[in-house]
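The values are calculated or read from the model by the stated rules, or taken from the named source; none is laboratory data. Being a predicted model, the structure only gives us computed values, none of them experimental. With ideal geometry, Cβ positions are generated from the backbone for all residues, glycine too; neighbour counts draw on all protein chains shown.
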């Protein structure tokens, strides 16, 4: 076999680079983290652009679909982009106005009701015959209002230097605002020039990649895009349906905080499988501050609604569009949540769906080849 020196040179360079990365890994890791931190606005901008593009594409399909005027064609992209951003901003503002005020009032009600609840528990324990008299006298003599205030002051004093905390929080918020603003600006440039970027990507891949690799990469990217698009649309639709049904059920049962808890359930339902239960825990605590009996009724209502959602709504809206069996949805949520937390729960299902489709297509192609060989 003839040895090609250019191949040997490439292998040698690759091995040398790997050796440097392994030997100087702390410095390489610090450099990579610094680069990724500096590029975080670009990543955020790409995520914003991808999500907004789903809604913007919907508006573009209905923005004078039979337009012939050049002026109308030139205004289609910016007008639809502005409409998409305004729609998302309106949804976020409505959710905040529905959830935050009620949540603040509920927390204040819970803290104000804690002393009376503790006194009721102490009175109940004191009425039990098997509790010793000294313990009853000790529990009765406690000033629970003062203890709760003392606990609050200890909690606040244990936070360290208040000035340092304020400065650190303000710095983090400022950095977050700047990063989010830069990401938003970058997403606007991406959305306005997505057609140009698509043509440039096509020219680059056709020029520097072999045709076989180019086809494989485009195939994988198309499946990933299709899986994420269907997942985002289906999950948002399912969350809205679940939130509306929860609100209607609470209004029929005359439970408090119906609108607020319905909106909260819709937001948390964006997390697959476990999202609605997270919102349900908060809703149960809020209703419990008003009436424990109504809190039990809400739990029963939410369990029934979750059964309807899991067996009817989710398979029709999300499951059928993704083509991913329920067992793999649960596995993707569990593994993704364990690796990356809530972000892993959100990303696990579409990534698992894409891998499932790639593996399924490969198996089908292999089976087709075997059948062709058998027939010949």
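What the table below lists for this structure:
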| read-out | value |
| --- | --- |
| Set 205, 237: member being without any contact (Cβ under 8 Å) to a residue 24 or more places away in the chain and either surrounded by 14 or more Cβ atoms within 10 Å (Cβ to Cβ) or outside any helix (DSSP H, G or I) (or both) | 205 |
| Every residue from the range 342-353 that is within 18 Å of residue 47 (Cα to Cα) and either without any contact (Cβ under 8 Å) to a residue 40 or more places away in the chain or buried (at least 20 other Cβ atoms within 10 Å of the Cβ) (or both) | 343, 344, 345, 346, 347, 348, 349, 350 |
| Test: residue in the range 253-270 that is out of contact with any helix residue (DSSP H, G or I) (no Cβ under 7 Å at 6 or more places or on another chain) and in the same structural domain as residue 302 (by TED's automatic domain parsing) | yes |
| Criterion: loosely packed, with under 13 Cβ neighbours inside 10 Å and either over 30 Å from residue 262 (Cβ atoms) or modelled with pLDDT under 85 (or both) - qualifying residue of 126, 74, 105 | 74 |
| Single residue of 373, 299, 333, 317 found to be at pLDDT below 75, in a helix (DSSP H, G or I) and touching a helix residue (DSSP H, G or I) at 6+ places or on another chain (Cβ under 7 Å) | 317 |
| Enumeration of residues in the range 8-64 that are over 34 Å from the mean Cα position of the chain (by Cα) and not in a helix (DSSP H, G or I) | 24 |
| Condition broken by residue 254, with the remaining ones in (1) in a helix (DSSP H, G or I); (2) surrounded by fewer than 13 Cβ atoms within 10 Å (Cβ to Cβ) satisfied | (1) |
